[in-house]
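Notes follow once the structure below has been shown.
The values are calculated or read from the model by the stated rules, or taken from the named source; none is laboratory data. Quick caveat: nothing in here was measured; it's all calculated off a predicted structure. Every residue, glycine as well, gets a Cβ built from its backbone with ideal geometry; the counts of neighbours run over all protein chains shown. The protein model used for the area step is the full one, side chains on, heavy atoms only, and it has no ligands, DNA or RNA in it. Shrake-Rupley method; radii C 1.70, N 1.55, O 1.52, S 1.80 Å.
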Amino acid sequence: MGIVLKQSLNNTIVTYIGFAIGAANTLFLYTNFMQPDNYGLIQVILSVSAVLTPILAFGVPNSLVKFYSNFKNEERQDSFLTLMVLLPLILIIPIAIVSYIANDAIGNLLSRQNAIVRDYVWHIFLVGMAMAYFEVFYAWARIRMKSMFGNFMKEIFCRVGQTILLILLWVKVIDIDFFINALVGFYLVRTIIMKIYAYSLRKPHLNFKLPSNWVTIVKYSGLIILGGSTAIVLMEVDKVMLNNFLELENVAFYAVAGFIASTIAVPTKAMHQITYPLTAKYLNEKNKSALKELYQKSSLTLFIVSGILFLLILLNLKELYELLPQKYSGGFMIVFWVGLVKVYDALLGNNNSILFNSDYYRSILFFGVLLAALAIVFNLWLIPNYGINGAAIASFSAFFIYNTLKLGYVKLKFKILPFTNETFKVLALLIVVGAIFSFVSFPFHPIINIGLKSILMIVLYVGILYRFKISEDVYGVLNKFLNR
């Protein structure tokens with residue numbers, strides 16, 4: 001776990017810097033510098049683009065990681081990498097043609113409740129294409145065990161761009177149309193920069209000779225489209241469907257609450273950047289003991305971090321909403337349900353990596369498709385009845401079923417679970433800390449209250465973890481830090 005923990009910590013720092021910028025944008029700049037309906041429009045554009053991304057990427061990011069280590073000589077690697085760069089065009093080109101021919105029809109489909117969305121079909125396609133190829137070149141870097149720069153570009157670059165654009169919008173240098181066009185430009189530029197960096201790590205030499213196992217690679221990539229689409233649909237379908245049932249401003253309110261909860265997922269995302277290629281390596285080498293150790297240690301570490309983040313957010317949420325405009329408050333239930341999803345995701349450790357890099361990926365992908373359909377059904381049922389809270393409950397329900405199935409499937413096929421005795425010790429500790437601090441309140445400014453309560457919670461939580469050595473990895477990091 002040494003390289004995992006080191007790069008995970010570096011990626012976590014970068015990701016949290018990105019989230020800090022995103023927090024400033026989402027919680028303060030967007031809410032004060034932009035009308036809720038315009039903010040909702042931007043969220044719809046980015047959410048639909050995210051749903052489109054795995055389709056346009058044609059599963060290439062996953063295929064790069066899974067198959068690259070199988071090619072030992074440079075000529076075969078060039079052949080494989082050439083296929084990976086060109087494969088997304090199989091869907092990008094026809095989808096671009098369809099978008100051009102059926103622009104009005106697609107616009108009408110997306111704008112049933114909010115007519116303004118009709119004018120942004122091409123913006124959605126361009127952002128989706130940029131996101132897709134960014135992920136391709138990011139995976140290109142990750143197979144060289146270089147994930148930090150890509151993580152910086154993914155988490156920070158476009159958020160800084162949004163900060164600049166929001167300030168320009170506030171001082172009336174630009175209008176909302178320029179803002180949206182420039183935002184698309186940032187996503188395109190990010191992809192170009194990532195491409196240059198990836199090629200600097202492994203300069204490509206075009207080789208149009210297909211790899212000997214190209215049929216297997218293409219089949220895998222095609223099936224991964226289903227898996228990637230499932231994960232994205234489960235994460236983004238709520239905002240897309242809110243657009244079809246409620247006014248755009250509700251998408252903005254939901255996005256703010258969802259962003260608050262999404263901070264729980266930062267360590268999970270950071271660790272996955274390095275556990276994914278390591279999992280593929282262990283599976284290719286059939287090293288089951290190393291795979292089990294990685295599975296359990298990644299689960300415990302992520303549960304320790306995500307659990308306390310969940311408590312910190314919930315127990316400080318009242319004070320946080322006091323800092324926001326009144327119309328954005330009232331999202332406690334959204335934060336609660338979406339936050340539970342993120343904690344469950346963390347508890348699974350590198351479960352996704354095991355499934356998508358194993359020979360059993362086909363079955364779980366079809367489970368995912370069924371559950372994506374289930375998520376849509378939940379949203380169709382719950383949003384009209386419960387509004388934005390219904391969207392959060394629908395997301396939790398779909399993810400709970402999906403994650404439980406993945407957990408059971410790995411147990412069935414690999415005979416391993418991510419849980420250990422330490423998992424339940426951490427759960428008990430979280431319950432105790434949550435119970436104690438749910439009654440703690442201070443009569444100060446909200447920022448002081450948040451800071452003071454958070455410090456006390458972290459000191460108690462980390463102190464007990466360290467004293468009883470509940471996690472070897474966490475104890476090692478803390479011990480090294482304290483020795484310094």
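Assorted remarks:
- Scanning the stretch 188-214 for residues that are within 14 Å of PHE152 (Cα to Cα), open to solvent by less than 50 Å² (accessible area, probe 1.4 Å) and not basic (Lys, Arg) gives THR191, MET194, ALA198.
- Only residues that are open to solvent by less than 40 Å² (accessible area, probe 1.4 Å) and closer than 29 Å to VAL251 by Cα were counted in the stretch 369-417, giving 19.
- Test result for LEU427, open to solvent by 60 Å² or more (accessible area, probe 1.4 Å) and either closer than 25 Å to SER329 by Cα or at pLDDT below 90 (or both): no
- Verdict on TYR321 being without any contact (Cβ under 8 Å) to a residue 12 or more places away in the chain and in a helix (DSSP H, G or I): yes
- LYS154 being in contact (Cβ under 8 Å) with a residue 40 or more places away in the chain, open to solvent by 10 Å² or more (accessible area, probe 1.4 Å) and outside any loop (DSSP other than H, G, I, E, B): yes
- Residue list for the stretch 28-76, restricted to those being crowded, with 19+ Cβ neighbours inside 10 Å, over 17 Å from the mean Cα position of the chain (by Cα) and closer than 30 Å to SER358 by Cα: LEU56, PHE58, VAL60, SER63, LEU64, VAL65, LYS66, PHE67, TYR68
- Close contacts from the stretch 99-119, counting a first residue that is modelled with pLDDT of 75 or more and a second that is part of a helix (DSSP H, G or I) and hydroxyl-bearing (Ser, Thr, Tyr), with Cβ to Cβ under 8 Å and a gap of 6+ residues or different chains, come to ILE106/SER99.
- Members of the stretch 1-44 found to be in contact with a helix residue (DSSP H, G or I) (Cβ under 6 Å, 6 or more places away or on another chain), at pLDDT below 75 and assigned to a helix (DSSP H, G or I), listed by number: VAL4, LEU5, GLN7, SER8, ASN10, ASN11, THR12
- Condition met for LEU223 (more than 18 Å from the chain's Cα centre (by Cα), surrounded by 14 or more Cβ atoms within 10 Å (Cβ to Cβ) and over 20 Å from PHE58 (Cβ atoms)): no
- Extreme residue, least open to solvent (accessible area, probe 1.4 Å), among residues of the stretch 167-187 that are aromatic (Phe, Trp, Tyr) and closer than 17 Å to ILE45 by Cβ: PHE179
- Residues of the stretch 320-354 classified as under 21 Å from the mean Cα position of the chain (by Cα) and buried (at least 18 other Cβ atoms within 10 Å of the Cβ), total: 22
- Failed item, numbered, when LYS342 is tested on (1) free of Cβ contacts under 8 Å to residues at least 40 places away in the same chain; (2) under 30 Å from LEU291 (Cα atoms): (1)
- Selection within the stretch 442-484: residues that are β-branched (Val, Ile, Thr) and at pLDDT below 85. The member of this set that is most open to solvent (accessible area, probe 1.4 Å) is VAL477.
- Hits in the stretch 280-296 - residues which are of a type in the set (Ser, Thr, Tyr) and either in contact with a helix residue (DSSP H, G or I) (Cβ under 6 Å, 6 or more places away or on another chain) or open to solvent by less than 50 Å² (accessible area, probe 1.4 Å) (or both): TYR282, TYR295
- Taking every residue in the stretch 11-38 that is under 22 Å from LEU169 (Cβ atoms) and pairing it with any residue that is basic (Lys, Arg) and assigned to a helix (DSSP H, G or I), at least 6 positions away or on another chain, the pairs with Cβ-Cβ distances below 6 Å are GLY18/ARG159; ILE21/ARG159; GLY22/ARG159.
- Of residues in the stretch 355-368 being of a type in the set (A, V, I, L, M, F, W, C) and within 13 Å of ASN403 (Cα to Cα), the one most open to solvent (accessible area, probe 1.4 Å): PHE367
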